[in-house]
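Visitor: First the structure, which I've put down as structure tokens, then a few questions once you've had a look.
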């Protein structure tokens with residue numbers, strides 16, 4: 001029985017960790033290519049959940065129709081933010097973009113509070129059942145998160161390595177001036193990267209939001225979780241996001257089960273601090289150039 005419980009906690013940690021990995025993937029991608037820390041990432045995560053809620057509750061759309069529409073809406077918003085804020089600041093020092101995205105995040109979260117109020121909202125998924133196998137239990141929504149996260153993590157890895165746009169992103173990351181000299185449109189790469197990263201945040205918000213409650217300031221918890229994942233896995237590494245998410249999910253699940261649920265945040269930050277001490281660039285972070 002104890003061994004079965006242990007494996008149940010591991011399964012819970014894996015399913016949670018896959019959601020964390022998807023959430024962190026967009027943040028890691030934006031930093032890896034643009035070398036900016038996007039503090040608006042958490043608010044795009046929040047907006048994904050809220051827009052799905054509105055489409056389902058007010059328009060009457062089913063969950064699996066509201067999901068892509070909410071992501072598309074956030075992508076459009078992210079594109080506008082990229083044009084108006086990211087592009088004008090791309091040649092400025094790192095701190096300029098950091099402060100701009102930090103302030104923009106508060107604009108979005110405060111606007112969400114004004115529009116939808118401070119009471120929790122429930123995003124109801126079409127998947128409400130629980131699967132049972134070998135004595136273990138897994139909610140259908142958790143299985144969806146695992147499958148979608150794996151698909152996008154592997155898909156983004158292939159996209160960055162094999163596609164023409166992905167190769168341009170890598171070239172921009174390696175040497176922005178050199179990439180521009182051989183004909184890469186740097187402004188276009190900035191837009192594409194920021195939009196893709198924000199879309200991934202929105203998608204994770206729709207998926208994870210169905211397991212929790214929606215709150216206007218949930219993006220703050222989201223961005224801290226994403227930061228912990230990329231610290232563990234390494235900024236700019238897609239596989240690192242997967243590894244970091246799984247480690248964080250397992251540490252929190254097993255820590256809550258065998259020590260105390262009240263220390264959930266401590267487990268996460270403790271893992272991040274340990275990695276920073278042992279490997280300051282994360283497990284799969286880029287080497288010094």
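The values are calculated or read from the model by the stated rules, or taken from the named source; none is laboratory data. Quantities reported herein were computed from a predicted structural model and do not represent experimental measurements. Cβ placement follows ideal geometry from the backbone for every residue including glycine, while neighbour counts extend to all protein chains displayed.
Visitor: Which one of these does residue 171 not meet: (1) without any contact (Cβ under 8 Å) to a residue 60 or more places away in the chain; (2) touching a strand residue (DSSP E or B) at 6+ places or on another chain (Cβ under 7 Å); (3) buried (at least 16 other Cβ atoms within 10 Å of the Cβ)?
Guide: So residue 171 meets the others, but not (2).
Visitor: Looking only at segment 83-97, count every residue that is closer than 15 Å to residue 33 by Cα and out of contact with any helix residue (DSSP H, G or I) (no Cβ under 9 Å at 6 or more places or on another chain) and tell me the total.
Guide: Count: 2.
Visitor: Counting only residues that are in contact with a helix residue (DSSP H, G or I) (Cβ under 9 Å, 6 or more places away or on another chain) and free of Cβ contacts under 8 Å to residues at least 12 places away in the same chain, how many does segment 55-65 have?
Guide: Of the residues in that region, 3 qualify.
Visitor: Within segment 145-165, can you find the residues that are under 19 Å from the mean Cα position of the chain (by Cα) and free of Cβ contacts under 8 Å to residues at least 24 places away in the same chain?
Guide: 147, 151, 154, 155, 158, 159
Visitor: Might you check whether a residue that is farther than 30 Å from residue 140 by Cβ, in contact (Cβ under 8 Å) with a residue 24 or more places away in the chain, surrounded by fewer than 18 Cβ atoms within 10 Å (Cβ to Cβ) and out of contact with any helix residue (DSSP H, G or I) (no Cβ under 7 Å at 6 or more places or on another chain) occurs anywhere in segment 66-82?
Guide: no
Condition check ((1) under 13 Å from the mean Cα position of the chain (by Cα); (2) at pLDDT 90 or above; (3) farther than 30 Å from residue 113 by Cα; (4) surrounded by fewer than 24 Cβ atoms within 10 Å (Cβ to Cβ)) across all residues:
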position: 232; (1), (2), (3), (4): no, yes, yes, no
position: 248; (1), (2), (3), (4): no, yes, no, no
position: 255; (1), (2), (3), (4): no, yes, yes, yes
position: 270; (1), (2), (3), (4): no, yes, yes, yes
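Visitor: Among 208, 275, 238, 196, which is the only one that is within 23 Å of residue 113 (Cβ to Cβ) and buried (at least 20 other Cβ atoms within 10 Å of the Cβ)?
Guide: Testing whether each residue is within 23 Å of residue 113 (Cβ to Cβ) and buried (at least 20 other Cβ atoms within 10 Å of the Cβ) leaves just 208.
Visitor: Specify which of the listed residues (49, 105) is surrounded by 14 or more Cβ atoms within 10 Å (Cβ to Cβ), closer than 24 Å to residue 214 by Cα and touching a strand residue (DSSP E or B) at 6+ places or on another chain (Cβ under 6 Å).
Guide: Working: 105 fails: touching a strand residue (DSSP E or B) at 6+ places or on another chain (Cβ under 6 Å).
The conditions single out 49.
Visitor: In addition: Among the residues of segment 134-147, what is the count of those that are touching a helix residue (DSSP H, G or I) at 6+ places or on another chain (Cβ under 6 Å) and closer than 15 Å to residue 200 by Cα?
Guide: The total comes to 2.
Visitor: Another question, if that's okay. Please state which of the following conditions residue 235 fails to meet, knowing it meets all the rest: (1) in a loop (DSSP other than H, G, I, E, B); (2) closer than 28 Å to residue 164 by Cα; (3) free of Cβ contacts under 8 Å to residues at least 60 places away in the same chain.
Guide: (3)
Visitor: Next up: Here are the criteria: (1) loosely packed, with under 14 Cβ neighbours inside 10 Å; (2) touching a helix residue (DSSP H, G or I) at 6+ places or on another chain (Cβ under 8 Å); (3) in a strand (DSSP E or B). Tell me which single one residue 128 does not satisfy.
Guide: Result: residue 128 passes all but (3).
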